[in-house]
(Lines give C-alpha, C1' and ligand atoms only; values in the text may rest on other atoms or scores of the structure.)
Protein backbone atom coordinates (compact mmCIF):
# COMPACT_ATOMS: atom_id res chain seq x y z
CA UNK A 1 0.00 0.00 0.00
CA UNK A 2 1.00 3.58 -0.58
CA UNK A 3 1.08 5.56 2.66
CA UNK A 4 -1.50 8.13 1.68
CA UNK A 5 -4.80 9.29 3.15
CA UNK A 6 -7.94 8.54 1.20
CA UNK A 7 -10.23 11.29 0.02
CA UNK A 8 -12.77 10.14 2.59
CA UNK A 9 -10.16 10.40 5.36
CA UNK A 10 -9.59 14.03 4.40
CA UNK A 11 -13.26 14.91 4.01
CA UNK A 12 -14.42 13.36 7.29
CA UNK A 13 -11.69 14.92 9.40
CA UNK A 14 -9.63 11.81 10.05
CA UNK A 15 -6.57 13.67 8.81
CA UNK A 16 -6.68 16.12 11.67
CA UNK A 17 -4.85 16.76 14.90
CA UNK A 18 -6.46 14.72 17.63
CA UNK A 19 -7.03 17.70 19.90
CA UNK A 20 -9.62 19.06 17.46
CA UNK A 21 -11.47 15.77 17.55
CA UNK A 22 -11.37 15.79 21.36
CA UNK A 23 -12.64 19.38 21.44
CA UNK A 24 -15.63 18.45 19.31
CA UNK A 25 -16.30 15.39 21.49
CA UNK A 26 -16.32 17.59 24.61
CA UNK A 27 -18.64 20.19 23.07
CA UNK A 28 -21.07 17.55 21.87
CA UNK A 29 -21.01 15.70 25.18
CA UNK A 30 -22.05 18.86 27.01
CA UNK A 31 -24.38 20.08 24.23
CA UNK A 32 -22.34 23.26 23.68
CA UNK A 33 -23.19 24.75 20.31
CA UNK A 34 -21.85 28.22 19.61
CA UNK A 35 -21.64 30.22 16.42
CA UNK A 36 -17.96 30.96 15.86
CA UNK A 37 -16.11 32.92 13.21
CA UNK A 38 -12.55 31.88 12.37
CA UNK A 39 -10.10 33.43 9.94
CA UNK A 40 -7.03 32.09 8.16
CA UNK A 41 -4.03 34.35 7.75
CA UNK A 42 -0.23 34.31 7.75
CA UNK A 43 1.28 36.91 10.04
CA UNK A 44 4.68 36.43 8.41
CA UNK A 45 5.97 34.94 5.16
CA UNK A 46 9.03 32.69 4.83
CA UNK A 47 12.53 33.91 4.01
CA UNK A 48 11.60 37.56 4.34
CA UNK A 49 9.18 37.52 1.40
CA UNK A 50 6.77 40.44 1.36
CA UNK A 51 4.17 38.77 -0.89
CA UNK A 52 2.82 35.32 -1.68
CA UNK A 53 0.40 33.72 -4.14
CA UNK A 54 -2.72 32.10 -2.71
CA UNK A 55 -3.37 28.57 -4.00
CA UNK A 56 -5.43 25.60 -2.88
CA UNK A 57 -8.86 27.27 -2.87
CA UNK A 58 -10.35 24.79 -5.33
CA UNK A 59 -9.45 21.90 -3.02
CA UNK A 60 -10.75 23.83 -0.01
CA UNK A 61 -14.06 24.16 -1.84
CA UNK A 62 -14.16 20.38 -2.19
CA UNK A 63 -13.30 20.00 1.50
CA UNK A 64 -16.09 22.26 2.77
CA UNK A 65 -18.70 21.04 0.30
CA UNK A 66 -21.45 19.49 2.40
CA UNK A 67 -20.24 21.16 5.62
CA UNK A 68 -22.87 23.24 7.42
CA UNK A 69 -20.82 26.45 7.51
CA UNK A 70 -20.33 29.64 5.53
CA UNK A 71 -16.94 30.17 3.91
CA UNK A 72 -15.55 33.27 2.22
CA UNK A 73 -12.11 33.48 0.62
CA UNK A 74 -9.88 35.60 -1.51
CA UNK A 75 -9.84 34.45 -5.11
CA UNK A 76 -7.36 31.71 -5.87
CA UNK A 77 -4.26 33.27 -7.38
CA UNK A 78 -4.51 36.48 -5.34
CA UNK A 79 -1.16 38.01 -4.47
CA UNK A 80 -1.39 38.48 -0.72
CA UNK A 81 0.62 40.33 1.90
CA UNK A 82 1.50 39.28 5.45
CA UNK A 83 -1.53 39.63 7.69
CA UNK A 84 -4.16 39.43 4.94
CA UNK A 85 -7.06 37.17 5.93
CA UNK A 86 -7.40 34.72 3.05
CA UNK A 87 -10.38 32.72 4.35
CA UNK A 88 -13.18 33.20 6.86
CA UNK A 89 -15.35 30.32 8.05
CA UNK A 90 -18.33 30.60 10.37
CA UNK A 91 -21.01 28.41 11.83
CA UNK A 92 -21.42 26.03 14.75
CA UNK A 93 -17.82 25.21 15.67
CA UNK A 94 -18.80 21.57 16.14
CA UNK A 95 -19.58 21.36 12.42
CA UNK A 96 -16.23 22.58 11.09
CA UNK A 97 -13.64 22.46 13.88
CA UNK A 98 -12.08 19.13 12.91
CA UNK A 99 -11.36 20.42 9.39
CA UNK A 100 -8.77 22.95 10.55
CA UNK A 101 -5.78 20.67 9.94
CA UNK A 102 -6.63 19.55 6.39
CA UNK A 103 -7.88 23.03 5.45
CA UNK A 104 -4.57 24.59 6.43
CA UNK A 105 -2.64 21.80 4.76
CA UNK A 106 -4.42 22.40 1.46
CA UNK A 107 -3.56 26.11 1.56
CA UNK A 108 -0.07 26.16 3.10
CA UNK A 109 1.80 23.88 0.73
CA UNK A 110 0.02 24.84 -2.48
CA UNK A 111 0.55 28.54 -1.77
CA UNK A 112 4.24 27.97 -1.05
CA UNK A 113 4.73 26.15 -4.35
CA UNK A 114 2.77 28.77 -6.31
CA UNK A 115 4.78 31.57 -4.70
CA UNK A 116 8.13 29.96 -5.49
CA UNK A 117 7.02 29.39 -9.09
CA UNK A 118 6.00 33.05 -9.34
CA UNK A 119 9.36 34.14 -7.98
CA UNK A 120 11.16 31.97 -10.55
CA UNK A 121 8.99 33.46 -13.28
CA UNK A 122 9.94 36.98 -12.22
CA UNK A 123 13.60 35.98 -12.04
CA UNK A 124 13.53 34.42 -15.52
CA UNK A 125 12.44 37.76 -17.01
CA UNK A 126 10.36 36.34 -19.84
CA UNK A 127 12.27 33.08 -20.35
CA UNK A 128 10.17 29.90 -20.05
CA UNK A 129 10.26 28.01 -16.73
CA UNK A 130 9.24 24.34 -16.59
CA UNK A 131 8.31 22.51 -13.38
CA UNK A 132 10.67 19.53 -12.99
CA UNK A 133 10.27 18.85 -9.27
CA UNK A 134 7.79 15.97 -8.92
CA UNK A 135 10.52 13.44 -8.13
CA UNK A 136 11.43 15.29 -4.95
CA UNK A 137 8.02 14.81 -3.31
CA UNK A 138 5.57 11.96 -2.72
CA UNK A 139 4.09 10.98 -6.10
CA UNK A 140 0.56 11.30 -4.75
CA UNK A 141 1.22 15.04 -4.51
CA UNK A 142 2.51 15.49 -8.07
CA UNK A 143 -0.75 16.86 -9.56
CA UNK A 144 -1.16 19.33 -6.70
CA UNK A 145 2.46 20.47 -6.89
CA UNK A 146 2.41 20.90 -10.65
CA UNK A 147 -0.99 22.62 -10.63
CA UNK A 148 0.30 25.10 -8.05
CA UNK A 149 3.52 25.62 -10.01
CA UNK A 150 1.60 26.19 -13.25
CA UNK A 151 -0.87 28.47 -11.49
CA UNK A 152 2.06 30.44 -10.08
CA UNK A 153 3.47 31.09 -13.54
CA UNK A 154 5.44 28.05 -14.72
CA UNK A 155 5.05 27.54 -18.45
CA UNK A 156 4.80 23.76 -18.34
CA UNK A 157 5.13 20.61 -16.24
CA UNK A 158 6.96 17.37 -16.95
CA UNK A 159 4.72 14.80 -15.24
CA UNK A 160 2.19 13.05 -17.48
CA UNK A 161 -0.62 12.83 -14.91
CA UNK A 162 -0.13 16.46 -13.88
CA UNK A 163 -0.30 17.68 -17.47
CA UNK A 164 -3.45 15.63 -18.07
CA UNK A 165 -4.98 17.14 -14.93
CA UNK A 166 -4.15 20.63 -16.24
CA UNK A 167 -5.31 19.95 -19.78
CA UNK A 168 -1.90 20.69 -21.30
CA UNK A 169 0.82 18.64 -22.96
CA UNK A 170 3.67 17.48 -20.69
CA UNK A 171 7.01 19.18 -21.32
CA UNK A 172 10.30 17.32 -21.10
CA UNK A 173 13.54 16.53 -22.88
CA UNK A 174 15.38 13.22 -22.46
CA UNK A 175 17.10 11.60 -19.48
CA UNK A 176 20.73 10.63 -19.10
CA UNK A 177 19.41 7.07 -19.02
CA UNK A 178 18.60 7.14 -22.74
CA UNK A 179 22.16 8.10 -23.64
CA UNK A 180 23.69 5.55 -21.28
CA UNK A 181 21.45 2.68 -22.38
CA UNK A 182 21.96 3.43 -26.10
CA UNK A 183 25.67 3.79 -25.43
CA UNK A 184 26.39 6.81 -27.62
CA UNK A 185 25.08 10.38 -27.34
CA UNK A 186 24.73 10.99 -31.08
CA UNK A 187 22.87 7.74 -31.62
CA UNK A 188 20.58 8.61 -28.70
CA UNK A 189 19.88 12.02 -30.26
CA UNK A 190 19.04 10.40 -33.58
CA UNK A 191 16.77 7.78 -32.03
CA UNK A 192 14.96 10.47 -30.06
CA UNK A 193 14.38 12.39 -33.29
CA UNK A 194 13.26 9.31 -35.23
CA UNK A 195 10.90 7.81 -32.67
CA UNK A 196 9.36 10.64 -30.68
CA UNK A 197 6.39 12.40 -32.40
CA UNK A 198 7.22 15.54 -34.33
CA UNK A 199 4.94 17.58 -32.04
CA UNK A 200 7.48 17.16 -29.23
CA UNK A 201 10.21 19.80 -29.07
CA UNK A 202 13.64 18.49 -30.03
CA UNK A 203 15.67 19.23 -26.89
CA UNK A 204 18.82 17.17 -26.38
CA UNK A 205 20.55 16.63 -23.03
CA UNK A 206 24.22 17.28 -23.72
CA UNK A 207 26.20 16.57 -20.55
CA UNK A 208 26.11 12.78 -20.18
CA UNK A 209 29.42 11.41 -21.47
CA UNK A 210 31.54 14.06 -23.16
CA UNK A 211 32.22 17.74 -22.73
CA UNK A 212 29.03 19.79 -22.96
CA UNK A 213 30.12 21.84 -25.95
CA UNK A 214 31.14 18.66 -27.81
CA UNK A 215 27.78 16.97 -27.23
CA UNK A 216 25.90 20.19 -28.04
CA UNK A 217 27.65 20.52 -31.41
CA UNK A 218 27.15 16.80 -32.07
CA UNK A 219 23.42 17.16 -31.38
CA UNK A 220 23.16 20.16 -33.68
CA UNK A 221 25.02 18.40 -36.47
CA UNK A 222 22.89 15.27 -36.07
CA UNK A 223 19.49 17.01 -36.02
CA UNK A 224 20.24 20.21 -37.94
CA UNK A 225 17.35 22.65 -38.16
CA UNK A 226 15.10 20.24 -36.21
CA UNK A 227 17.08 20.78 -33.00
CA UNK A 228 15.41 23.46 -30.92
CA UNK A 229 17.42 23.43 -27.70
CA UNK A 230 20.19 21.74 -25.81
CA UNK A 231 19.83 21.13 -22.11
CA UNK A 232 22.59 21.59 -19.55
CA UNK A 233 21.95 19.85 -16.26
CA UNK A 234 25.24 20.67 -14.58
CA UNK A 235 25.12 23.62 -12.17
CA UNK A 236 27.05 21.41 -9.73
CA UNK A 237 29.43 20.18 -12.44
CA UNK A 238 32.97 19.10 -11.63
CA UNK A 239 34.01 22.07 -13.77
CA UNK A 240 32.14 24.33 -11.43
CA UNK A 241 30.93 27.33 -13.39
CA UNK A 242 27.73 26.70 -15.32
CA UNK A 243 27.80 30.22 -16.76
CA UNK A 244 31.18 29.54 -18.39
CA UNK A 245 29.94 26.17 -19.64
CA UNK A 246 26.89 27.78 -21.21
CA UNK A 247 29.05 30.52 -22.75
CA UNK A 248 31.29 27.88 -24.32
CA UNK A 249 28.29 25.98 -25.69
CA UNK A 250 26.79 29.17 -27.10
CA UNK A 251 30.08 30.14 -28.77
CA UNK A 252 30.63 26.76 -30.38
CA UNK A 253 27.05 26.52 -31.64
CA UNK A 254 27.08 30.05 -33.06
CA UNK A 255 30.48 29.53 -34.67
CA UNK A 256 29.06 26.61 -36.66
CA UNK A 257 25.89 28.38 -37.72
CA UNK A 258 23.53 26.92 -35.13
CA UNK A 259 22.32 30.23 -33.72
CA UNK A 260 18.74 28.94 -33.70
CA UNK A 261 19.55 26.36 -31.00
CA UNK A 262 18.56 27.61 -27.57
CA UNK A 263 20.06 26.67 -24.19
CA UNK A 264 17.88 25.23 -21.43
CA UNK A 265 19.46 24.93 -17.99
CA UNK A 266 18.22 22.72 -15.15
CA UNK A 267 19.49 21.05 -12.01
CA UNK A 268 19.19 22.52 -8.52
CA UNK A 269 18.18 26.03 -9.54
CA UNK A 270 16.33 28.62 -7.50
CA UNK A 271 15.20 32.12 -8.39
CA UNK A 272 18.53 33.74 -7.51
CA UNK A 273 20.55 31.34 -9.67
CA UNK A 274 18.04 31.87 -12.47
CA UNK A 275 18.74 35.60 -12.40
CA UNK A 276 22.49 34.96 -12.60
CA UNK A 277 22.02 32.63 -15.57
CA UNK A 278 19.78 34.91 -17.63
CA UNK A 279 22.65 36.25 -19.79
CA UNK A 280 23.42 32.71 -21.05
CA UNK A 281 20.12 30.80 -20.75
CA UNK A 282 16.98 30.79 -22.88
CA UNK A 283 14.80 28.60 -20.62
CA UNK A 284 14.88 26.78 -17.29
CA UNK A 285 13.81 23.54 -15.72
CA UNK A 286 13.31 24.18 -12.01
CA UNK A 287 12.70 21.25 -9.69
CA UNK A 288 13.41 20.98 -5.99
CA UNK A 289 13.20 24.67 -5.11
CA UNK A 290 9.61 24.76 -6.42
CA UNK A 291 8.32 21.36 -5.29
CA UNK A 292 10.00 21.73 -1.89
CA UNK A 293 9.12 25.40 -1.53
CA UNK A 294 8.76 26.83 1.98
CA UNK A 295 5.16 26.52 3.09
CA UNK A 296 3.14 29.62 3.82
CA UNK A 297 2.47 29.34 7.53
CA UNK A 298 -1.22 30.10 7.56
CA UNK A 299 -2.96 29.79 10.90
CA UNK A 300 -6.67 29.54 11.65
CA UNK A 301 -7.91 31.51 14.64
CA UNK A 302 -11.32 32.16 16.16
CA UNK A 303 -12.05 35.90 16.10
CA UNK A 304 -15.72 35.99 17.15
CA UNK A 305 -18.03 33.80 19.27
CA UNK A 306 -21.79 34.33 19.43
CA UNK A 307 -21.47 37.73 17.81
CA UNK A 308 -18.83 39.01 20.24
CA UNK A 309 -15.26 39.75 19.13
CA UNK A 310 -12.69 37.56 20.85
CA UNK A 311 -9.29 36.10 20.03
CA UNK A 312 -6.31 34.55 21.71
CA UNK A 313 -3.38 36.70 22.78
CA UNK A 314 -1.43 38.19 19.91
CA UNK A 315 -4.38 38.09 17.51
CA UNK A 316 -6.78 40.85 16.48
CA UNK A 317 -10.36 39.96 17.32
CA UNK A 318 -13.46 40.60 15.24
CA UNK A 319 -14.54 39.94 11.67
CA UNK A 320 -12.33 41.51 9.03
CA UNK A 321 -12.45 42.21 5.34
CA UNK A 322 -9.76 42.82 2.75
CA UNK A 323 -10.76 45.77 0.58
CA UNK A 324 -9.36 47.31 -2.56
CA UNK A 325 -10.02 51.01 -3.06
CA UNK A 326 -11.56 51.81 -6.43
CA UNK A 327 -10.07 55.32 -6.26
CA UNK A 328 -6.51 55.06 -4.91
CA UNK A 329 -6.20 51.28 -5.52
CA UNK A 330 -4.74 50.70 -2.07
CA UNK A 331 -5.50 47.33 -0.47
CA UNK A 332 -6.24 47.29 3.24
CA UNK A 333 -7.48 44.99 5.99
CA UNK A 334 -10.40 46.61 7.82
CA UNK A 335 -13.08 45.68 10.32
CA UNK A 336 -15.89 43.96 8.42
CA UNK A 337 -18.46 46.59 9.35
CA UNK A 338 -16.25 49.37 7.93
CA UNK A 339 -15.56 47.78 4.58
CA UNK A 340 -17.49 50.07 2.23
CA UNK A 341 -14.98 52.92 2.23
CA UNK A 342 -11.21 53.14 1.85
CA UNK A 343 -9.64 54.13 5.19
CA UNK A 344 -6.93 56.10 3.37
CA UNK A 345 -8.78 58.28 0.85
CA UNK A 346 -12.44 57.66 1.70
CA UNK A 347 -13.17 56.35 -1.78
CA UNK A 348 -15.46 53.39 -2.48
CA UNK A 349 -13.93 50.05 -1.52
CA UNK A 350 -14.40 46.63 -3.11
CA UNK A 351 -14.45 43.63 -0.73
CA UNK A 352 -12.06 40.87 -1.80
CA UNK A 353 -13.20 38.16 0.62
CA UNK A 354 -16.24 36.80 -1.19
CA UNK A 355 -18.53 33.81 -0.47
CA UNK A 356 -17.24 30.40 -1.48
CA UNK A 357 -19.86 28.18 0.19
CA UNK A 358 -23.10 28.56 2.13
CA UNK A 359 -24.32 25.70 4.34
CA UNK A 360 -22.33 23.18 2.36
CA UNK A 361 -23.22 24.43 -1.12
CA UNK A 362 -20.53 25.99 -3.33
CA UNK A 363 -21.85 29.37 -4.43
CA UNK A 364 -18.89 30.67 -6.41
CA UNK A 365 -17.94 29.74 -9.94
CA UNK A 366 -14.45 28.23 -9.72
CA UNK A 367 -12.36 29.50 -12.66
CA UNK A 368 -10.19 27.20 -14.80
CA UNK A 369 -6.52 27.05 -13.91
CA UNK A 370 -5.43 28.91 -17.06
CA UNK A 371 -7.58 31.87 -16.05
CA UNK A 372 -6.11 31.85 -12.53
CA UNK A 373 -2.58 31.61 -13.96
CA UNK A 374 -3.13 34.63 -16.19
CA UNK A 375 -4.45 36.59 -13.21
CA UNK A 376 -1.29 35.73 -11.27
CA UNK A 377 0.93 36.75 -14.17
CA UNK A 378 -0.90 40.09 -14.42
CA UNK A 379 -0.40 40.72 -10.70
CA UNK A 380 3.32 39.95 -10.84
CA UNK A 381 3.98 43.09 -12.88
CA UNK A 382 6.10 45.40 -10.78
CA UNK A 383 6.77 42.89 -7.97
CA UNK A 384 10.34 42.23 -6.87
CA UNK A 385 12.14 39.35 -5.19
CA UNK A 386 12.42 40.77 -1.72
CA UNK A 387 13.88 38.67 1.05
CA UNK A 388 17.16 36.94 1.73
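The values are calculated or read from the model by the stated rules, or taken from the named source; none is laboratory data. The structure displayed is predicted, hence computed values, not measured ones. Cβ atoms come from the backbone with ideal geometry, glycine included; neighbour counts cover every protein chain shown.
For the reader, a short list of remarks on this structure follows.
- Taken over the stretch 5-16, the criterion of being at negative phi, within 25 Å of the chain's Cα centre (by Cα) and surrounded by 11 or more Cβ atoms within 10 Å (Cβ to Cβ) is satisfied by 5, 9, 10, 11, 15, 16.
- Residues (part of a helix (DSSP H, G or I), at pLDDT 95 or above and farther than 12 Å from residue 95 by Cβ) located in the stretch 47-72: 57, 58, 59, 60, 61, 62, 63
- Of the candidates 160, 145, the single residue that is farther than 25 Å from residue 64 by Cα and not assigned by TED's automatic domain parsing to the domain that holds residue 32 is 160.
- Test: residue in the stretch 175-183 that is surrounded by 19 or more Cβ atoms within 10 Å (Cβ to Cβ), over 16 Å from the mean Cα position of the chain (by Cα) and outside any helix (DSSP H, G or I): no
- Across the stretch 190-233, the number of residues qualifying as over 23 Å from residue 287 (Cβ atoms) and touching a strand residue (DSSP E or B) at 6+ places or on another chain (Cβ under 8 Å) comes to 3.
- Within the stretch 74-108, being within 14 Å of the chain's Cα centre (by Cα) and farther than 30 Å from residue 26 by Cβ holds for 76, 77, 78, 79, 80.
- The helices (runs of 4 or more DSSP H) falling completely within the stretch 239-344 that include 2 or more residues that are under 19 Å from the mean Cα position of the chain (by Cα) map to 271-277, 288-291.
- The sole residue among 369, 280, 305 that is touching a strand residue (DSSP E or B) at 6+ places or on another chain (Cβ under 6 Å) and surrounded by 14 or more Cβ atoms within 10 Å (Cβ to Cβ) is 305.
- Residue in the stretch 4-11 that is in a loop (DSSP other than H, G, I, E, B) and in contact with a strand residue (DSSP E or B) (Cβ under 8 Å, 6 or more places away or on another chain) present: no
- Within the stretch 77-154, helices (runs of 4 or more DSSP H) holding 2 or more residues that are free of Cβ contacts under 8 Å to residues at least 40 places away in the same chain and in contact with a helix residue (DSSP H, G or I) (Cβ under 7 Å, 6 or more places away or on another chain): 142-151
- Among the residues examined, residue 265 does not qualify as crowded, with 20+ Cβ neighbours inside 10 Å, in the same structural domain as residue 180 (by TED's automatic domain parsing) and out of contact with any strand residue (DSSP E or B) (no Cβ under 6 Å at 6 or more places or on another chain).
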